[in-house]
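Remarks on the structure that follows.
The values are calculated or read from the model by the stated rules, or taken from the named source; none is laboratory data. For clarity, every value in this text was computed on a predicted model and none was experimentally measured. Cβ placement follows ideal geometry from the backbone for every residue including glycine, while neighbour counts extend to all protein chains displayed. What goes into the accessible areas is simple: the full protein's heavy atoms, side chains included, and nothing from ligands, DNA or RNA. Shrake-Rupley method; radii C 1.70, N 1.55, O 1.52, S 1.80 Å.
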Amino acid sequence: MTVSSAPGKVYLFGEHAVVYGEPAVPCAIERRARVTVDAREDDHIRVEARDLSLDGFTVEYAGETDYRPDVDVSKGLVDAAVGYIDAAVGQARDAADAPDAGFDITVESEIPLGAGLGSSAAVVVAGIDAATRELGVPLAPEEIAERAYRAEYEVQDGQASRADTFCSAVGGAVRVEGDDCRRIDAPNLPFVVGFDGGAGDTGELVAGVRRLREEYGFAADTVESIGDIVRTGESILADADPDSVPSDDLLTELGRLMDFDHGLLEALGVSSRTLDNMVWAAREAGAHGAKLTGAGGGGCIVALDETSETRTALRYTAECTDEFRAELDREGVREEDSADASGEGTSPEAEEL
Ligand code: MEV
C-alpha cells in the first residue's frame, strides 16, 4: 500500500489567460488530496472517494466504464472525478510499463471538487505518485507534473494549461507560461478563501472564453491584459523578501492587481453573482484585493487580508458556505506514512461491473 498527497492551489493571478500562452502565478495551499493505492492481482480499478464533494462513492471497473455511482452531485462532476482518476491510472501504467496493473484506490480530499482550488490536479498528481511508487518506479515531481498535465489535457479535451498540475507537483508559488514552468520566490501571503458551495465546469468555462476571444478583438485584448497584470505582479513579487512578513505596500499593490484581474475575468463571463458577492464582501471588509480563483462559474474566491475582518464578513455573507485562511504550502507532492491510512470497515459496498 502506498499513500501520497498533493496540495491544492489558489491563483494569485492569470487563470484562463494562461490557456492562451500568457503567464500565470498559482500558489499551492495547505489543503491536500491524499490518494492511497494498493496493487491488485487482476487488472480492475476500484475507486473509493471520500472527497468533500463526493463523499462515499465507490466504483469498480475493468476497461471502459460508463457506470456512474448514485451520489448527490451533478453527473458532470462525477464524470470528471472518474475521468481524472482513470487518466492518472493510465499515466502510471504507462510510466511503469505495466498496462494491466490493477489498483484499489482511495481518494480523501480536503479540497472541494471543481471549486477553483485545484482539486483535480491534486488528485491526479497524488494518484500518479502513489501508483508509480506502488509499482516500484517512483518519479521526480517534474515528471509527475508532466504526466498529470497530459492526464488533465485528455480529460479537459485539450483545454488545459500546465499551471494547476505543475503547482500541485512542486508546491510553493510558481510561474507558468506555456511550457515554461518554474518555482518563484514569494512570501507567505495572507490568503483568505471564500467558498459558495458550488462548482464550475472548467471545460465549458474555458470554451466560453475561447469563443469570446475568437469573436471579439477586445476579448482577445482582455486576455492579453490579464497577462500584463501577471507580469506586473511578478515584478512586484520579485522585489519582495520571501522570508519576511509581507509589507502593507506589497499587499496593497498585489491586491489592486487582483481586483483588476477579477474585473477582466468578470468581463470574460467566468464570474457569477455568488463569486461577485463574496469578492465585494471581502473588499468592503477591508481586504487589499479579492478575485475569483480557478475556472470560475461558482466555487471559490481568494482575498488578501492579514486581519480577521474578511473572514468575519464572509461568514455573514449569505452566498458563502465556508471560509478559511490558506497558508502557502512550500511542499508539493509527497509520500505519506501508509500506517496512517484509514479505511477499515468504513467502505460502502463496491458495485462490481
Ligand atoms: C483552472 O483551474 C484554470 C484555468 O486556467 C484552466 C487551465 O489553466 O487549465 C481556467
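Below, the figures for the structure above:
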quantity	calculated
Number of positions in the range 95-121 that are over 17 Å from Ala169 (Cα atoms), part of a loop (DSSP other than H, G, I, E, B) and small (Gly, Ala, Ser)	5
Residue satisfying all of: in the range 1-24; away from the ligand (no atom under 12 Å from the Cβ) and part of a strand (DSSP E or B); farthest from Asp261 (Cα to Cα) among these	Thr2
Failed condition for Ala122, given (1) under 30 Å from Arg325 (Cβ atoms); (2) in contact with a Ser or Thr (Cβ under 7 Å, 6 or more places away or on another chain); (3) open to solvent by 40 Å² or more (accessible area, probe 1.4 Å)	(3)
Some residue of the range 282-295 being buried (at least 24 other Cβ atoms within 10 Å of the Cβ), touching a Pro at 6+ places or on another chain (Cβ under 8 Å) and assigned to a loop (DSSP other than H, G, I, E, B)	no
Test: residue in the range 145-153 that is open to solvent by 10 Å² or more (accessible area, probe 1.4 Å) and either more than 13 Å from the ligand (Cβ to nearest atom) or in contact with a strand residue (DSSP E or B) (Cβ under 8 Å, 6 or more places away or on another chain) (or both)	yes
Residue that is most open to solvent (accessible area, probe 1.4 Å) [pool: residues in the range 181-209 that are within 14 Å of Gly298 (Cα to Cα), touching a Leu at 6+ places or on another chain (Cβ under 7 Å) and part of a loop (DSSP other than H, G, I, E, B)]	Ala199
Options Leu251, Leu237, Leu275: the member that is of a type outside the set (Ser, Thr, Tyr), away from the ligand (no atom under 14 Å from the Cβ), open to solvent by less than 30 Å² (accessible area, probe 1.4 Å) and touching a strand residue (DSSP E or B) at 6+ places or on another chain (Cβ under 6 Å)	Leu251
Test result for Thr232, of a type in the set (Ser, Thr, Tyr) and away from the ligand (no atom under 16 Å from the Cβ)	yes
Selected residue (criterion: farthest from the chain's Cα centre (by Cα)) from residues of the range 96-113 that are within 28 Å of Glu15 (Cβ to Cβ) and open to solvent by 30 Å² or more (accessible area, probe 1.4 Å)	Glu108
Subset of the range 139-156 [free of Cβ contacts under 8 Å to residues at least 12 places away in the same chain and not in a helix (DSSP H, G or I)]	Ala140
Single unsatisfied condition, Asp164 versus (1) closer than 15 Å to His16 by Cα; (2) more than 13 Å from the chain's Cα centre (by Cα)	(2)
Residues of the range 286-307 satisfying the condition of being farther than 17 Å from Leu189 by Cβ and either more than 14 Å from the ligand (Cβ to nearest atom) or of a type in the set (A, V, I, L, M) (or both)	Ala295
Residue list for the range 309-340, restricted to those being open to solvent by 80 Å² or more (accessible area, probe 1.4 Å), modelled with pLDDT of 95 or more, charged (D, E, K, R) and in a loop (DSSP other than H, G, I, E, B)	Arg330, Glu331
Residues within the range 25-47 that are away from the ligand (no atom under 16 Å from the Cβ) and of a type in the set (A, V, I, L, M), tallied	5
Breaking point among (1) modelled with pLDDT under 90; (2) outside any helix (DSSP H, G or I); (3) under 23 Å from Val19 (Cβ atoms), for Asp72	(3)
The one condition in (1) within 16 Å of the ligand (Cβ to nearest atom); (2) under 17 Å from Arg34 (Cα atoms) that Pro138 fails to fulfil	(1)
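Residues checked against (1) of a type in the set (A, V, I, L, M, F, W, C); (2) over 15 Å from the mean Cα position of the chain (by Cα):
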| site | (1), (2) |
| --- | --- |
| Ser119 | no, no |
| Val125 | yes, no |
| Val155 | yes, no |
| Ala160 | yes, no |
| Val174 | yes, no |
| Arg183 | no, yes |
| Gly198 | no, no |
| Arg211 | no, yes |
| Glu215 | no, yes |
